[in-house]
Amino acid sequence: MTSNPNRNVYFGNLHVHTRRSFDAYINAAWVNPEDAYRWAMGEEIPGGGEMGKPLKIERPLDWYILSDHAEYLGVLPLMGDPNSPISKHPLAADIAGDDPKKSFDAYGKLLDGISHMKKDPILGDPKLSRTLWSEVVKIADKYYEPGKFTTMPGYEWTSNPDWRNLHRVVIFRDSAKVPDAPFSALDSSTPEDLWRWMDAQRDAGNDLLAVAHNGNASDGLMFPVDKSYGGSSLDQQYASTRMRNEPVYELTQIKGTSETHPALFPNDEFGNFELWDYTLAPTATPPEHKKGGYAREALIRGLKLESEGKGNPFKFGFIGDSDTHNGASAIEEDNYTGKFGFEIDPKHRLEGPPGVDAKAAKQVRHFSSGGVAAVWAESNTRDGIFDAIKRKETYATSGPRPMVRFFGGFGISEISLGSDDGVKQAYEKGVPMGGNLPAAPEAGTAPTFIVQALKEPDGANLDRIQIIKGWVDKSGEQQSKIYDVALSDDRKPGADGKIPPVGDTVNEKDATYQNTIGDNQLVATWTDPEFDPSQHAMYYARVLQIPTPRWSTYDAARYGLKRPQDLPVSIQERAWTSPIWYTPN
């Protein structure tokens, strides 16, 4: 098996649901775990429903982790199996029946119980849970091909207090010592209890990580401001426990992007990207609080906490992911099949299924196509992928797969990433994305950052690279600034200091774009002009593509449907690197 000390980039997903998840099953999912793995490897799998053309990814993924909900994992499909005792459950006939209203009413009772930690003794039978979980592990092992395609056991812990999202995906390095059953939100809905269980697993020799997601739907609970949802003070113990267990955060997925929000950073001209402003309430309720729900604000607030001696609980890297609830991640705008099984019908994606009210239909069409997790690893193996996530040498994308490198350091301005030797020097003399800068070697020196982005094959050209800095000033105030460090088409700032737009070649009628604008590669070496070695700071790179059609534009053109006017014709897909941090002595 080949191993590259300079590391290769491997693209995958770790947030994927099949029909074994309770909410996927009730929403017409038909893809089972084995088909999901085959799809990710590039095989064609059967479609579902009347509109169900076969599903096939345009370019296979390198790794794939299924993370069905731990709560009643695999149980609902048994309700339709007359040979299973679960088919005799009081809710089984309605949930597995043909009447959509009865099915969803029964599902609502089940979901309400999960949200309020009321475990059904039949559906949550420990012996059944162990059996179904063992199947998850066996199937993951079956499809693991070291060096070619990586899988790991995983699941989702689905804490949902008052319909506010605190979900985490939990992944295991390997299957050697996995627990008999997963720790679910029916065991506890507080993250601290999940972390305590994870620490106990680690002490027993079972390495594992959690990945939080959808802070945008948490109503400010994901990155707490004063005390955590579990009542913990934001102190060094909380910080070290959280970061030991949750080194990365899922920045973008089908339920929106939670990098930033115009309400928090109104001067970010690219901050209004694929936002999904809802909690998880069935009434399509918007969250009241933006603070505590978005990554950039949390990253900077973490610096503030650290400067006060409380540790940094928000020192996380980035991944992108899917959250598909039909096994096949809908990550390609021109190959979108929706989040849920019922969205296989494009009319349901754009207008909502029959009988759904306007608010719920709006929620569905505001889904994005999901994201991708990129990791820099020595090899495409369980150890390689897991260790890359653990050290945060990762980046998030909104679906495309550009190759992005990001290094920081002192005295690295002469290094070029265009050769293997240059990359080797960058690792030796600097730190990669997710790393920590050393102390400034002498007064008057500032860190330099090298960033390189190459568009994916057959993908859209690149617009620009930005470096986003967050810091805590001498007055203790939280600050941020966006620097455009590389621009395509030889553009220069205007007299007002603003960068002219790259342009937009998207033709809405036939849902096409042209690579006549933008560049296929952008590179920048940038030194922070306002660096103060006494201030806590973090830096991450954001790479923007030229405008391309959104999935809804492709659907409208392909199927002769009307594009809802609240959806943009085009979007600028992007990648975000994990930050690099600077901590004063």
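The values are calculated or read from the model by the stated rules, or taken from the named source; none is laboratory data. No experiment lies behind these values; they were computed from the predicted model shown. FYI the Cβ positions are ideal-geometry reconstructions off the backbone, even for glycines, and counts take in every protein chain you see.
Points worth noting:
- Residue check for A140: in the same structural domain as T279 (by TED's automatic domain parsing), hydrophobic (A, V, I, L, M, F, W, C) and either over 27 Å from V356 (Cβ atoms) or in contact with an Asp or Glu (Cβ under 9 Å, 6 or more places away or on another chain) (or both): yes
- In segment 326-428, counting only helices (runs of 4 or more DSSP H) that sit wholly within it, the ones holding 2 or more residues that are aliphatic (A, V, I, L, M) and modelled with pLDDT under 95 span 358-365.
- Of all the criteria given as (1) of a type outside the set (S, T, Y); (2) buried (at least 20 other Cβ atoms within 10 Å of the Cβ); (3) not assigned by TED's automatic domain parsing to the domain that holds G147, the one not satisfied by G80 is (2).
- Test for E250: is it at negative phi, touching a Lys or Arg at 6+ places or on another chain (Cβ under 6 Å), buried (at least 24 other Cβ atoms within 10 Å of the Cβ) and not in a loop (DSSP other than H, G, I, E, B): no
- Residue tally, condition closer than 30 Å to T279 by Cβ, of a type outside the set (F, W, Y) and part of a helix (DSSP H, G or I), over segment 124-166: 5
- Looking across segment 126-167, the residues that are over 26 Å from the mean Cα position of the chain (by Cα) and over 16 Å from R20 (Cα atoms) come down to P126, K127.
- Checking A28 against (1) over 21 Å from the mean Cα position of the chain (by Cα); (2) among the aliphatic types (A, V, I, L, M); (3) assigned by TED's automatic domain parsing to the domain that holds G154; (4) under 28 Å from R401 (Cβ atoms), the condition it does not meet: (4)
Each row is one residue, and each column tells you yes or no for (1) within 19 Å of the chain's Cα centre (by Cα); (2) among the β-branched types (V, I, T); (3) on the phi < 0 side of the Ramachandran plot.
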| position | (1), (2), (3) |
| --- | --- |
| A295 | yes, no, yes |
| S307 | no, no, yes |
| A328 | yes, no, yes |
| P354 | no, no, yes |
| K362 | no, no, yes |
| H366 | yes, no, yes |
| G370 | yes, no, no |
| V375 | yes, yes, yes |
| T381 | no, yes, yes |
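- If the condition is being free of Cβ contacts under 8 Å to residues at least 24 places away in the same chain and not in a helix (DSSP H, G or I), then segment 72-102 contributes D81, P82, N83, S84, P90, L91, A96, G97, D98, D99.
- Note on segment 463-493: residues that are in contact (Cβ under 8 Å) with a residue 60 or more places away in the chain and among the small types (G, A, S) total 3.
- Scanning segment 216-237 for residues that are more than 30 Å from A284 (Cβ to Cβ) and either at pLDDT 95 or above or aliphatic (A, V, I, L, M) (or both) yields a total of 4.
- Selection from segment 435-462 of residues that are under 30 Å from the mean Cα position of the chain (by Cα), farther than 19 Å from V523 by Cα and in contact (Cβ under 8 Å) with a residue 24 or more places away in the chain: G435, N436, L437, P438
- The residues listed here are R563, R574, R542, R550; of these, the one that is more than 25 Å from the chain's Cα centre (by Cα) and not small (G, A, S) is R563.
- Residue satisfying all of: in segment 284-325; in a helix (DSSP H, G or I) and among the small types (G, A, S); farthest from S552 (Cα to Cα) among these: S307
- Candidates F342, F273, F316 - the one that is closer than 28 Å to D23 by Cβ, over 20 Å from the mean Cα position of the chain (by Cα) and of a type in the set (F, W, Y): F342
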